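Data block below; observations after.
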Amino acid sequence: MNKFYIIVYLILFTRIVEGQKYIPFNLIYGEWYCEYFTKYGFFSSHGNDYVKEEVKYFCQGDTVINDTIYKKLYYIGYAQPTMAPPENISGYFGAIRNDTVNKRVWLKTPYQYGILFDFNLKIGDTYAYSCSSPADTIQSIDSVLYCNKYHKRFNGRKVFIIEGIGSRFGLIPNLCLTSKSYLLCYSEKNNLSCDSCETPTVINRIEAQGLLIFPNPTNGFLKIQSYEIISSIDLIDLTGRLLCRYSNINATEAEILTDQKGILFLRIMISNEIFIKKVVIE
């Protein structure tokens with residue numbers, strides 16, 4: 001056997017061996033960045049409004065429950081209601097722990113207690129991932145290299161979960177008829193091999209987009225906010241036709257009221273730079 005095939009064999013063998021090791025959650029340095037879109041709000045309360053929330057989960061400190069040590073799980077981020085400006089949010093979420101012997105992760109919050117993830121699965125086992133859909137079936141098991149470690153991955157038709165990281169639907173999945181969630185990024189504070197994630201905040205979101213428009217969708221009223229002076233705003237339809245122009249605004253805030261319906265675009269001039277934003281008017 002030549003050296004090339006020996007090297008390939010060793011790489012594959014190493015991956016298989018590493019992939020068989022159970023990787024528990026890194027509850028000391030792990031950081032989970034998740035997005036939620038729910039009615040009423042998952043972390044905040046906004047009546048019947050739909051709310052988009054982005055948070056970072058992290059652990060800090062210990063707590064003892066029934067003589068068992070848990071890590072305290074916190075979150076920090078922002079909430080963006082449909083009908084209101086965004087707000088920063090943070091707080092204590094619950095207690096979490098690894099059950100390494102049984103390859104499980106347990107979660108206790110003021111509202112629930114039970115298994116958050118069960119990684120003791122095999123092909124053909126069922127896995128519940130949504131409160132509004134039947135349980136998925138594990139169809140294959142492989143491994144992925146992330147943060148310089150091989151993590152076992154369990155693949156279903158719509159969901160996959162990864163040891164030490166969680167679900168594609170977030171650290172705390174929330175999938176019902178009026179809600180959805182996603183894992184945006186996972187990182188570890190002491191591991192340069194992981195992706196670098198930025199803590200979601202209102203300021204980061206505004207800086208990334210250049211400006212803030214709400215509510216969207218709307219019944220005709222729009223408010224536009226920016227850190228810099230807004231010169232003008234054009235309302236444009238899908239064909240590019242100019243419907244209305246607001247000129248000489250010269251302020252960091254502006255309001256628009258229109259009786260136009262459907263998908264429209266705002267062409268906003270800020271510091272000699274043009275921003276195009278889609279809006280939905282119902």
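Between the amide H of L175 and those of C131, distances stay under 5 Å, these residues lying 5 or more places away or on another chain, with hydrogens modeled in the peptide plane.
Considering only I161, S143, C197, the residue lying farthest towards the positive end of the dipole of the chain is S143, judged by Cα position with unit charges set on Cβ.
All other residues with a Cβ under 12 Å from the Cβ of F37 taken together, and with Lys, Arg as +1 and Asp, Glu as -1, what is their net charge? Show your work: numbers first, answer last.
Details: positive: K39, K52, K180; negative: E35, D49, E53, E54.
Net charge around F37: -1.
Length gained on full extension, T68 to E228: 52.4 nm, using 0.36 nm per residue less the C-alpha separation.
For the stretch 72-110, backbone nitrogen atoms closer than 19 Å to the point 7 Å from F221 Cα along Cα-to-C-beta are found at 80-87.
So, with +1 on the Cβ of K and R and -1 on the Cβ of D and E, and no other charges, what is the size of the charge dipole of the chain about its Cα centre, to the nearest 20 debye? It would help to have the intermediate numbers written out before the result.
Numbers: 29 positive and 27 negative charges, 181 e Å.
Rounded to the nearest 20 debye, it is 860 debye.
In the chain, the longest principal axis of the Cα atoms and the axis of helix 3-20 are about 80 degrees apart. When the stretch 11-114 is described by a simple charge dipole with +1 on each Lys and Arg Cβ and -1 on each Asp and Glu Cβ, the residue from I76, N26, Y50 located farthest towards its positive end is N26. With neighbours defined as other Cβ atoms within 10 Å of a residue's Cβ, the residues F43, F58 order from fewest to most as F43, F58.
As a calculated quantity, the FRET efficiency between I141 and N248 at R0 = 51 Å, using C-beta atoms, amounts to about 0.20. Model label sites at R157 and L257, defined 7 Å from Cα along the beta-carbon direction, differ in position by 5.0 nm.
The stretch 179-282: which trypsin sites (Lys or Arg not before Pro) are DSSP loop and have at most 12 other beta-carbon atoms within 10 angstrom?
Working: sites: K180, K189, R205, K223, R241, R245, K261, R267, K277, K278; in loops: K189, R241, K261.
Here the trypsin sites (Lys or Arg not before Pro) that fit, given the DSSP loop and packing criteria, are K189, R241, K261.
Using C-alpha pairs below 8 Å separated by at least 6 residues, the relative contact order for the chain is 15 percent.
No value in this document is a laboratory result; all are computed from the given coordinates. None of these values were measured; they are calculated from a predicted model. We place every Cβ from the backbone using ideal geometry, glycine too, and count neighbours over all the protein chains shown.
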